[in-house]
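This report concerns only the one structure given below.
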Amino acid sequence: VQLQASGGGLVQTGGSLRLSCAASGVSFRDYAVAWFRQAPGKEREFVAAIRWYSITYYGDSVRGRFTISRDNVGNTIFLQMNSLRPDDTAVYYCATGRPITSRIKSGSGYDYWGQGTQVTVSS
């Protein structure tokens, strides 16, 4: 199983980016997919998750600004990030697994992780 995260970059405050997470060796239709992020010196933070039947979950700090979605085939997950702020700067990781609902926002609920993509928001 491999997850490939892409789409990170440098953007100004208020700008937008769209991250992608593509899977090989696993079908996202059978799994939940989540984005987490980690900034230097900070703990890993839950960002968003989507179940195969398209129920979505968001962290408090991104709700209303970020949107998680999937493509029609179901093996690529997107994270549309709008109204970006400097405190969104982090390495963003996608992960997949079969967490129960109470663990959907916990990293321990996921079995496979991508390599991460850097998002930097300048002030």
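Comparing Val73, Val91, Val26 in a Gaussian network model of the chain where C-alpha atoms under 10 Å apart are linked, the largest mean-square fluctuation is found at Val73. With a 1.4 Å probe and all protein chains left in place, how much of the accessible area of region 22-123 comes from carbon and sulfur atoms, in whole percent? Carbon and sulfur atoms account for 48 percent of the accessible area of region 22-123. Each pair of Cα atoms in region 53-123 enters the Kirkwood radius, and Stokes-Einstein at 10 °C and 1.306 mPa s then converts it into a translational diffusion coefficient of 117 µm²/s. If a spin label sat at a point 7 angstrom from the Cα of Ser54 along the line to its beta carbon, no backbone N atom of region 88-118 would be nearer than 20 Å. Figure note: Ser24, Ser102 ranked by solvent-accessible area, largest first, 1.4 Å probe, ligands and nucleic acids not counted: Ser102, Ser24. Rolling a 1.4 Å probe across the protein heavy atoms gives the chain an accessible surface of 50 Å² per residue. Label positions at Gln118 and Ser20, each projected 7 Å from the Cα along the C-beta direction, are separated by 2.1 nm.
The values are calculated or read from the model by the stated rules, or taken from the named source; none is laboratory data. Because the structure is predicted, anything quoted here is derived from the model rather than measured. Here the Cβ is made from the backbone with ideal geometry for all residues, glycine too, and neighbour counts use every protein chain on show. Quick note on the areas: whole protein, heavy atoms, side chains included, nothing else; ligands and nucleic acids left out. Shrake-Rupley method; radii C 1.70, N 1.55, O 1.52, S 1.80 Å.
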